[in-house]
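Okay, structure first, notes after.
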Amino acid sequence: MRAEPILILAEKDDAVAGALSRYARHRKKSVDWVFPREFWRVLAPELRISRKGRIQSSLSGRRILSRCGALRPIAPRDWAPKDRHYAWMEAQAALLAFLAAHPRIINRPKPADISGCGLRLTEQFLAAEAAGLAVPDWTVTTRLRAALRFLKRHEGVAVHRDHSEDIYCFPRAKRERLVDELAGSPRSPVLLLQGQIGYLTVTTFAAGQLWHFDVVRQKRLDLPDAEASLRSLFGRCGLEFAQAVGILPEGPGRWVFHGMTALPQLRHYLPFSDEVNEALLGRLEEMA
């Protein structure tokens with residue numbers, strides 16, 4: 001029996017989805033790319049719960065790679081803001097419930113996170129430390145003065161805005177830029193990380209394999225001391241496709257974990273994208 005096409009659920013401007021789709025077609029694999037807001041209209045999926053409590057999906061034969069971070073607005077612009085927000089919340093909850101119940105999916109959603117990670121950055125640090133990774137000293141503040149005192153005490157810092165996936169790394173010489181970042185939204189919780197200034201690295205994890213990339217020097221890395229712990233971390237979080245950000249000191253020292261995401265970016269593994277795509281396709285085919 002011929003397997004149903006692989007389903008990639010991602011926005012139309014998703015570079016990872018585009019690269020994987022092109023690679024799959026080059027390999028003569030059948031792939032459907034569906035935008036999250038079109039999921040219900042295009043696929044018309046159904047979930048049924050049997051008397052014994054079994055969840056049955058009309059798409060149970062499909063193997064899904066979900067690249068959903070959050071649904072984009074779906075309601076018409078002329079709706080009242082509260083109605084638009086309500087429609088968005090209902091659509092987001094329905095999609096999360098369906099994907100969480102689906103039997104064949106990479107990065108199953110968590111109750112609080114449709115992308116599959118389900119951990120705030122502070123929780124990521126705790127999980128990383130439990131997995132045996134080095135993590136920076138950190139503090140959370142909403143006060144600009146506290147942030148400035150932190151900057152005076154520490155030579156190298158990174159800042160993570162609570163509402164953002166971005167992590168910015170600064171040496172002390174560039175702290176004026178960091179002050180401007182904080183001053184723009186002084187009440188937003190900010191996570192300040194103490195750490196050595198070094199090379200920003202990104203580790204891509206796909207179907208049990210790891211690729212390390214030095215973002216600054218634009219070259220592939222080997223991180224043998226961190227490999228087992230990274231695999232343990234992703235396994236603990238139930239992730240099969242993810243990226244971790246770290247700092248590799250300029251001198252001797254351990255690689256230091258600075259965060260992770262369940263939505264890897266293509267620009268951070270472009271030099272070995274074919275290897276990553278092959279690993280993902282292989283894992284999806286195993287699910288058939």
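Within the stretch 7-16, the residues that satisfy the criterion of being crowded, with 16+ Cβ neighbours inside 10 Å and within 17 Å of the chain's Cα centre (by Cα) are ILE8, LEU9, ALA10, ASP14, VAL16.
Applying the set (1) in contact (Cβ under 8 Å) with a residue 24 or more places away in the chain; (2) more than 19 Å from the chain's Cα centre (by Cα) to ILE106 leaves exactly one unmet item: (2).
Taking the criterion of being outside any helix (DSSP H, G or I) and out of contact with any Lys or Arg (no Cβ under 7 Å at 6 or more places or on another chain), the residues of the stretch 93-116 that qualify are HIS102, PRO103, ILE105, ASN107, ARG108, PRO109, LYS110, PRO111, ALA112, ASP113, ILE114, SER115.
Candidates are the residues of the stretch 17-51 that are modelled with pLDDT of 80 or more and β-branched (Val, Ile, Thr); the one that is nearest to the chain's Cα centre (by Cα) is VAL34. Every test in (1) hydrophobic (A, V, I, L, M, F, W, C); (2) touching a Ser or Thr at 6+ places or on another chain (Cβ under 6 Å); (3) at pLDDT 90 or above is passed by LEU248 save one, and that test is (3).
The values are calculated or read from the model by the stated rules, or taken from the named source; none is laboratory data. Given the structure is predicted, the values throughout are model-derived calculations rather than measurements. Virtual Cβ from ideal backbone geometry, glycine too; neighbours counted across all protein chains shown.
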